[in-house]
Structure formats: C-alpha cells, structure tokens
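*Asks:* Please see the structure below; I have some questions.
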Amino acid sequence: MPQAGCCFVITKTKTITFIDFFKKQFIEEEDITRKFPALVPDNQLDYRPHPKSMLMKNIVTYLADLSGWIHFTMITDELDFQHGYDQPDINNNKEYLNILREDMMTACLC
C-alpha cells in the first residue's frame, strides 16, 4: 500500500509517483513549446505584437529558458535579482530549439 501523499492516483487500478506524473506533463509541454518557433520567422524577432508587448525575441527567449529554471531552483540556495540573471541570446529558431532541448534535458535529470 503506498504511503499517503507520495503517489497520485490516475485511475482505480493505476498509481504513479508525483515525479513521474509531472515528468510526463513536462515532456508533453515540451512538444507544444517546440512548435512555437515555426510560427516566428527568424527575420521577425524584432516584431512587437502589441505596443505594450515584449519583442518576439524576448518572448522566444523566455519560452526557451523557462524550463531551465527547474534545474536552477533545485541547485540554488538563493536568487538575488540585484546581481542579475544571464539569459541566453537567441537570434534564430535553431538557437531556440538548442536551448530548449538543453534545458529540458537538464530539468529531467533533477
């Protein structure tokens, strides 16, 4: 019998750990996130969808780097924004996919 709080019940007959459940969700999100650069041509990274919006380059960078925060929060005791955070510099779809893949692999190792 599983201990209370350590498992997530999917059906009456199957249980999986929280880690396995979230890892599965994470991988499914990667598939969705991977499709985004196809919608943003390399020559449109300086496009701003709305006057109050970030540039597409900033949005793409945010999406690519977001999964890296999982590993970052697991290995870091504190985060001081006064000292800044180095975001990757993404200039094309290939760089986006490379950073996304790298961060996803690192996050899955946590």
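*Asks:* Which residue, of Leu66, Leu45, Leu39, is at pLDDT below 85, more than 20 Å from Cys108 (Cβ to Cβ) and not acidic (Asp, Glu)?
*Replies:* Sole residue among the options that is at pLDDT below 85, more than 20 Å from Cys108 (Cβ to Cβ) and not acidic (Asp, Glu): Leu39.
*Asks:* Here's another thing I want to ask about it. Among the residues of the stretch 72-110, write down those that are more than 24 Å from Ile19 (Cα to Cα), in a helix (DSSP H, G or I) and in contact (Cβ under 8 Å) with a residue 40 or more places away in the chain.
*Replies:* Within the stretch 72-110, Asn93, Tyr96, Leu97 qualify.
*Asks:* Right, something else. With the structure loaded, tell me whether Lys24 is closer than 18 Å to Asn93 by Cα and either at pLDDT below 85 or out of contact with any strand residue (DSSP E or B) (no Cβ under 8 Å at 6 or more places or on another chain) (or both) or whether it fails that test.
*Replies:* Here the answer is no, as Lys24 does not meet what is asked.
*Asks:* Among the residues of the stretch 24-71, which ones are of a type in the set (Lys, Arg) and outside any helix (DSSP H, G or I)?
*Replies:* Selection gives Lys35, Arg48, Lys52.
*Asks:* Checking Cys108 against (1) more than 12 Å from the chain's Cα centre (by Cα); (2) at pLDDT below 75: exactly one of these is not met. Which one?
*Replies:* Checking Cys108 against (1) more than 12 Å from the chain's Cα centre (by Cα); (2) at pLDDT below 75, the one that fails is (1).
*Asks:* Hey, any hits in the stretch 82-102 for a residue that's loosely packed, with under 13 Cβ neighbours inside 10 Å and among the hydroxyl-bearing types (Ser, Thr, Tyr)?
*Replies:* Checked the stretch 82-102: at least one residue is loosely packed, with under 13 Cβ neighbours inside 10 Å and among the hydroxyl-bearing types (Ser, Thr, Tyr).
The values are calculated or read from the model by the stated rules, or taken from the named source; none is laboratory data. None of the values given here were measured: they were computed from a predicted structure. For neighbour counting, all protein chains shown are included, and Cβ atoms are generated from backbone atoms with ideal geometry for every residue, glycine included.
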